[in-house]
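Structure record follows, encoded as structure tokens.
No value in this document is a laboratory result; all are computed from the given coordinates. If you're wondering where the values come from, they're calculated on a predicted model, not measured in any experiment. Don't worry about glycine lacking a Cβ; one is built from the backbone with ideal geometry, like all the others, and counts go over all protein chains shown.
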């Protein structure tokens, strides 16, 4: 099965190695999002060049187009998208709730109409696991209901308990293979007692890893961190911990500080397509006129092509001219920045200086004074 070895701790922060069927991944790790079998605006070689070793695909999008069965016939998701490292697949539950039309959910699962063409589909725990198996995922996620925010305690409890029943069915449906694993997802909204109940239910079932879901959905960073502080210590210390759909660089530092090992988020890629760049000196908006005559690099300490070969003025020009190279270069830069951030945090944990490194990183972000959006 998939394993995770913790190599060092510094406070609650952890550095480790995740071992999968498609290689080892050092943690903490940020996984670029390749929702539909591609990290937007990037080739697989470009993603590898950023330092990324693990990416995410999505059950909902791939089951609709090109279909999981077609992906399997073509040799699996790794081969189709030319990605030789590990792949984690999201179960599709979040997208069903947020994108699908005319959805109907009950104990069996969800029936919905595609946001693409209105065609009718059913997604049960068993079907989600089967799709992820066809895709060839190294890490398979349980189907769950992402509890909306805000939700009353009763609403959050009902939602969480349904997800726990689905988790047990996912465990039964999952086919164990060497180097592959199934992750359970902790739900419970912003209620610590419900989060604790969810952890207990998942631990009783037993999973190769544990994710914290239902956060970064509008509750705010302070509340998210408070939920993590109540939840993460309850998770098994010998299993990887994954915070789903998070987030900003500040979110990542704060979550690593609280014991999270794995992350994914569309933010670096989506921001790259809208002229927002994350740097060690804060976030910058390359559409801003102040960059029009700036011959300096975006970040002189970054080795990505956007920084090593081009000026801020050129990047500004690309976005003003609506040239596709602009989003490509900034996406590359942002993913590289996230990978560099994870590496810096990992090295600090191994050296026993996490808090000093985190403080220096956070101080650097305050240097940017311009609007970032």
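So the values come out like this:
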{"read-out": "Extended-chain gain in nm, criterion 0.36 nm per residue less alpha-carbon gap, residue 165 and residue 65", "value": "33.2 nm"}
{"read-out": "Additional length obtainable on full extension of the chain from residue 274 to residue 226, 0.36 nm per residue less Cα span", "value": "14.2 nm"}
{"read-out": "Ranked by how many other beta carbons lie within 10 Å on average, peptides 127-134, 86-93, 149-156 from highest", "value": "86-93, 127-134, 149-156"}
{"read-out": "Read-out Cα Rg over 2.2 N^0.38 Å, derived from the coordinates shown; its label in (i) 1.11; (ii) 0.97; (iii) 1.17", "value": "(ii)"}
{"read-out": "Reduced Cα scattering model of the range 88-171, Debye log10 I(q)/I(0), q = 0.12, 0.14, 0.22 Å⁻¹", "value": "-0.35, -0.47, -1.09"}
{"read-out": "Projected label distance in nm at residue 353 and residue 320, using a 7 Å step from Cα toward the beta-carbon", "value": "4.2"}
{"read-out": "Mean-position separation - Cα centroids, the range 1-68 and the range 96-126, in angstrom", "value": "26"}
{"read-out": "Protection-proxy order for peptides 308-315, 113-120, each taking the mean of Cβ atoms within 10 Å per residue, highest first", "value": "308-315, 113-120"}
{"read-out": "Calculated SAXS-style log₁₀ I(q)/I(0) at q = 0.17 Å⁻¹ - the range 275-365, Debye, Cα scatterers", "value": "-0.70"}
{"read-out": "Residue exposure sequence - 4, 333 - by fewest surrounding Cβ within 10 Å", "value": "4, 333"}
{"read-out": "Residue 116 paired with residue 177, simple spin-label distance in nm, labels 7 Å along Cα-to-beta-carbon", "value": "2.3"}
{"read-out": "Extension gain from residue 203 to residue 48, taking 0.36 nm per residue of separation minus the Cα-Cα distance", "value": "52.4 nm"}
{"read-out": "Approximate spin-label separation residue 281-residue 367, in nm, with each point projected 7 Å along Cα-to-Cβ", "value": "0.5"}
{"read-out": "C-alpha long axis of helix 153-173 to longest principal axis of the chain, angle in °", "value": "80"}
{"read-out": "Residues of the range 208-237 with amide N under 19 Å of a point placed 7 Å along Cα→Cβ from residue 250", "value": "215-229"}
{"read-out": "Surface/4 of the Cα convex hull for the range 223-310, nm²", "value": "7.3"}
{"read-out": "Cα-based Rg / Dmax (Å) for the range 159-275", "value": "14.6, 46"}
{"read-out": "For peptides 6-15, 273-282, sequence by mean Cβ density within 10 Å, most packed first", "value": "273-282, 6-15"}
